[in-house]
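The values are calculated or read from the model by the stated rules, or taken from the named source; none is laboratory data. Since the structure is predicted, the reported quantities are computational estimates derived from the model, not experimental observations. Virtual Cβ from ideal backbone geometry, glycine too; neighbours counted across all protein chains shown. SASA here: full protein model, heavy atoms, side chains in, ligands and nucleic acids out. Shrake-Rupley method; radii C 1.70, N 1.55, O 1.52, S 1.80 Å.
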Amino acid sequence: MFRRAIVQLDEYLAGKRARFDVPIALIGEPRQRRVWELLVDIAYGETVTYGDLAAELSDGTTAYEVGQAVGRNPLSIIVPCHRVVGKHGALTGYAGGLKRKRFLLDLEAPVPAAAGRLF
């Protein structure tokens, strides 16, 4: 299983994989697990805010509480917590540091068609 996860992480970092399919078991408090399950559904190259996730839960969970759960995500990258941003798209909190979060978001950013042209 570890070999499969390593291969998929290598493919992701090489820009050849957008979604992971290794089996995972997220162990945490019920609210944390609900947030982590939402993270898995954030599409490659997309971002959502902590407030968006709180609204999607629609159970009274606040954006702050979502942030607390996101910060305790035990499977960063595979459960893409780097795709969660602050209000108005602000780059906020990431256990691996904001520099790594920016790297992962840039990795997933679509390349404009013109950027691939030489002339």
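Numbers at a glance
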quantity: Listed peptides 91-99, 28-36 by packing density, highest first (mean Cβ within 10 Å); calculated: 28-36, 91-99
quantity: For the chain: accessible area per residue (Å², 1.4 Å); calculated: 64
quantity: Given charges at beta-carbon only (K, R positive; D, E negative), |dipole| of the chain in Debye; calculated: 440
quantity: Contact order normalised by residue count of the chain, Cα under 8 Å, 6+ apart, percent; calculated: 24
quantity: 10 Å binning of all Cα-Cα separations within the stretch 12-80, expressed as whole percents from 0 upward; calculated: 19, 53, 25, 3
quantity: Carbon/sulfur fraction of accessible area - the chain, other protein chains in place, 1.4 Å, %; calculated: 58
quantity: Charge dipole of the chain about the Cα centre (unit charges at C-beta), most positive-ward option of 48, 79, 14; calculated: 14
quantity: Computed [θ] at 222 nm, deg cm²/dmol, the chain (DSSP H ≥ 4; -39,500 (n - 2.57); rounded to nearest 500); calculated: -12500 deg cm²/dmol
quantity: Cβ-derived FRET efficiency at R0 22 Å, residue 41 paired with residue 17, nearest 0.05; calculated: 0.85
quantity: Convex hull of the chain built on C-alpha atoms - directionally averaged projected area, nm²; calculated: 8.4
